[in-house]
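Before any comments, here is the structure.
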Amino acid sequence: MTAPPLDHSCSPWPHRLAVLLCCATFPLLWVGGLVTTYDAGMAVPDWPNTYGYNLFLYPLETWVGGPFDLFVEHGHRLLGAAVGVLAIGFCVTTLATRCPAWWRWAAAGALLLVIVQGLMGGLRVLFDARALAQFHGCFGPLFFGACVALAAVTSTGWRSWPVQEAKGAGGLRRLALFTAVLAYVQIVLGSELRHVRTDAGPRWFQTFVLFHLLVAAALVVHVALLSARVWRGGFRSSKLTRPVTLVAVLLFAQLCLGGATWVTNYGWPDWFKDFFPAASYVVQAKGWMQANLTTAHMALGSLIWGLALLVALRAGRLYQPRATHSVQPTRALGAAA
Amino acid sequence: MKQRCVKPRFWVVLVGTLGLAVGCGKAPSPRFDSNLMVMDKYDISFEQQQDIANALAALFGTPDDPYVPKESGLDKDKIKLAAGPTKSDKAGVHTGLYREHCAHCHGISGNGMGPTAAFLKPYPRDYREGWFKFKSTERAEMPTNADLERILRHGIPGTSMPAFEVALVQPEIEALVEYVKYLSLRGMVEIELARQTSEELGEGERLPTTAEFLVEGVLKPQAEKWSSAETKLMPVAAPPADFGSPASIAAGKSLFYDVNKANCLKCHGTTALGDGVLNDYDQWNKDVAEFRTKADATLASLTEQRGKAEEDFATAVEALGADSALSEEERKQQRETLEKDKAATLKKLGEKERMLPTAMAYTLVPRYIEPRNLRMGVYRGGRRPLDVYYRIHSGINGTPMPAIANLVADSELPADLSEEEKAQRRQSLQTQRMWNIVDYVLSLPYEPGGELGADISMLGRERN
């Protein structure tokens, strides 16, 4: 009697839940951005309750029919709670199904991140601490990156893709990783512009705008180099070309959104002011355009960071530097000893 | 089997980090900044500055907890709505409106030095001098509530000043108007206190802290400027019957380019493209430019001034020693006086050395004002004929745009009229001619190309 063939496959559920976690976290980031845009962070003064109600039992009509600030803030909390529940589900799934042990640790890590993020959001409200809101805003994309990484590593392909040795793979991995790091640094710089203290001097804001622009330029260069390396450097796998191309396209859109964010918040730069639409342009405070373009700029930044991280992970998984077989030179016969 | 568990140390680190984050995140409450340029202008010592800050705190409170004496004429409830950190309640009532909507440009103190200020052109308004540009009152007077409301509601085209029509409801706009007045009044009182400290207090005398002095002597006269604004409106006569006609526009055109009458071409240029005088400052930038020049010179000469103080002291002591007419006791007393004077001079120089770099950091690089390109059809103070009339009648406060000159020559008035009749006729003609200029200014964006008033051809490219 022969034993049945060994099954090395993992349950597909952890991956499915990781993808779901990504899909739920991105809107959460967007709504979080809206909270900042509308200065709605203190629209609900208590936490974890909402005006004394259990978060989940807050009356629907008061939420949906109430002031917009309250709608956004409470909606952000509900979405956050949903993501928390998904993270717990992800943890439980990794425990209940067959999968590598380290996935369980990674799932626990993700759960911890979401708990810390939730606590930060809550403490921001309880202490009315604006700078803590900024940490909360920067930590959200970090959690999103963790979700993207989990979705990437739990996929079936991740375990089955062959590792290829390729010349220049080390450079590709470094470039991809550095691009992802730059994308995250850009989020942190942007958060300072969004959460700048009202009593900070103009020099402070000026410095951060300058760095935000410099890192944007650096990011453009890095994404261009990464795209060129992937498309023309012998790494033309669809697992890389697709996300890299998407990063490039999103980065272009992000640059446009950045410009639009500036214009809708502060008006056209001076050198445009001899042209009619700019000369007569009136900034509409918290208008639809201003609020949504600014929030979209923030959210797209997180998406670029997530995708850049995916590229970095896949580049590391698919390619490894070609092993160099060092050959000891044989000493020439008759050479002097 | 080996039991793996998360060590308690991990939780300690986690809770500690969060505690630290809260500690760092809970930033101190913002404070009102001292007007250091004014302190330097009036040569106010650190002690006196503290006295002024104390007086201001007593009169106006803090950004989180503002206070207004009833003599200020300000509405405490509106100010409470606009002040403090940004929050909103279940009913959607927002508090901390100023910090939510204004402070990032105008600054917590209303000094026009919010975080974004350096990027904006023109720089955000500094309310503290009480100079406001676009209003319906006479040039040097304060604006009315309606003037401020209009700017808040509609914004200023071509600048970073937003329109709040969509974002704010009427009570919120009123609250912000009141808060702008509060900041402006506070700034005006600060300047007045500095002036009085410098000009009216004797050597070593401290600023009085009695309510009589602070409220009756300082606050009330400044508050009166605001409360009387409604009575200082510009007189506006109705436009003449031919307003809008080619004849009225032509009359306005000749006045516009007449160097002896309206002389608008001086700044707006012979083309009206705003290319006349291009190297003039508005009052805010002028003050900053003068302050920076003076501060640079003072800082550069501090060592020299210290050396001179030492040298003067040494010379005086030497002269004292050589004066045989003085008794030992007198010599000792005079030497003590000289030492005191030297110490006071050195202390003052030390304070300058500490204060001026901070004060410089609280200013932005001065910029020249750009006369408006009138062919764009964009009028920052409003596009209604009445708005343009206001600008022509009283000019724009704080800028080189002057109130209109006399447009009626004596020779134009019939000689046989009495003085009273002449004055009436002059007034009537003056008003009519101002409306003619309004007519021409409003027609400029539509004026066909070709020769202008000063016979300078205008390029189509520049017309926009």
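Restricting to the stretch A:217-253, name every residue that is closer than 29 Å to A:T294 by Cβ and of a type in the set (D, E, K, R). A:R242, the sole residue that qualifies. Taken over the stretch A:190-201, the residue count meeting the criterion of being within 14 Å of chain B (Cβ to nearest Cβ) and out of contact with any Pro (no Cβ under 6 Å at 6 or more places or on another chain) is 8.
Looking at this structure, is A:G140 touching a helix residue (DSSP H, G or I) at 6+ places or on another chain (Cβ under 9 Å), farther than 25 Å from A:V196 by Cβ and either surrounded by fewer than 18 Cβ atoms within 10 Å (Cβ to Cβ) or in the same structural domain as A:P27 (by TED's automatic domain parsing) (or both)? Considered against the rule, which asks whether it is touching a helix residue (DSSP H, G or I) at 6+ places or on another chain (Cβ under 9 Å), farther than 25 Å from A:V196 by Cβ and either surrounded by fewer than 18 Cβ atoms within 10 Å (Cβ to Cβ) or in the same structural domain as A:P27 (by TED's automatic domain parsing) (or both), A:G140 comes out as no. Cβ separations smaller than 6 Å between residues 6+ apart or across chains give the following pairs from the stretch A:269-290 residues that are more than 7 Å from chain B (Cβ to nearest Cβ) to residues that are of a type in the set (S, T, Y): A:M289/A:T264; A:Q290/A:T264. When A:D46 is tested against (1) charged (D, E, K, R); (2) free of Cβ contacts under 8 Å to residues at least 40 places away in the same chain; (3) surrounded by fewer than 17 Cβ atoms within 10 Å (Cβ to Cβ), just one condition goes unmet, and that condition is (2).
What's the total number of residues in the stretch B:413-464 that are outside any loop (DSSP other than H, G, I, E, B) and modelled with pLDDT under 85? It would help to see each step written out before you state the result.
Going through the stretch B:413-464, the residues outside any loop (DSSP other than H, G, I, E, B) turn out to be B:419-446, B:451, B:457, B:460-463.
Within this subset, residues satisfying the condition of being modelled with pLDDT under 85 are B:451, B:457, B:460-463.
Summing the residues that are outside any loop (DSSP other than H, G, I, E, B) and modelled with pLDDT under 85 in the stretch B:413-464 gives 6.
In the set (1) within 14 Å of chain A (Cβ to nearest Cβ); (2) touching a helix residue (DSSP H, G or I) at 6+ places or on another chain (Cβ under 8 Å); (3) without any contact (Cβ under 8 Å) to a residue 60 or more places away in the chain, B:P157 fails one condition alone, (3). What residue, of A:G171, A:G121, A:G89, is open to solvent by less than 30 Å² (accessible area, probe 1.4 Å), out of contact with any Cys (no Cβ under 7 Å at 6 or more places or on another chain), away from chain B (no Cβ under 11 Å) and within 25 Å of A:R194 (Cβ to Cβ)? Just one listed residue meets the conditions, A:G121. For A:L214, state whether it is more than 14 Å from chain B (Cβ to nearest Cβ) and surrounded by fewer than 18 Cβ atoms within 10 Å (Cβ to Cβ). So A:L214 fits the description; yes. Filtered by the rule that a residue be hydroxyl-bearing (S, T, Y), part of a helix (DSSP H, G or I) and more than 40 Å from the chain's Cα centre (by Cα), the stretch B:291-340 gives B:T315, B:T337. Within the stretch B:278-302, residues that are within 21 Å of B:G110 (Cβ to Cβ) and in contact (Cβ under 8 Å) with a residue 40 or more places away in the chain reach partners that are acidic (D, E) and assigned to a loop (DSSP other than H, G, I, E, B) with beta carbons closer than 8 Å, at six or more positions or on different chains, in the pairs B:W284/B:D126.
Remark: pairs (first residue in the stretch B:82-109, facing chain A (nearest Cβ under 8 Å); second residue assigned to a helix (DSSP H, G or I) and of a type outside the set (A, V, I, L, M, F, W, C); Cβ separation under 6 Å; 6+ apart in sequence or on different chains) = B:T86/B:R99; B:T86/B:E100; B:S88/A:D69. Considering B:A175, B:A117, B:A140, the condition of being among the small types (G, A, S) and modelled with pLDDT under 95 is satisfied by B:A140 alone. Does the stretch B:26-45 contain any residue that is within 23 Å of A:D199 (Cα to Cα), buried (at least 21 other Cβ atoms within 10 Å of the Cβ), within 14 Å of another protein chain (Cβ to nearest Cβ) and out of contact with any Lys or Arg (no Cβ under 9 Å at 6 or more places or on another chain)? Within the stretch B:26-45, one or more residues are within 23 Å of A:D199 (Cα to Cα), buried (at least 21 other Cβ atoms within 10 Å of the Cβ), within 14 Å of another protein chain (Cβ to nearest Cβ) and out of contact with any Lys or Arg (no Cβ under 9 Å at 6 or more places or on another chain).
The values are calculated or read from the model by the stated rules, or taken from the named source; none is laboratory data. Remember, predicted model here, so these are calculated numbers, not experimental data. With ideal geometry, Cβ positions are generated from the backbone for all residues, glycine too; neighbour counts draw on all protein chains shown. For the accessible areas, the whole protein counts, side chains as well, though only heavy atoms, and no ligand, DNA or RNA atoms are used. Shrake-Rupley method; radii C 1.70, N 1.55, O 1.52, S 1.80 Å.
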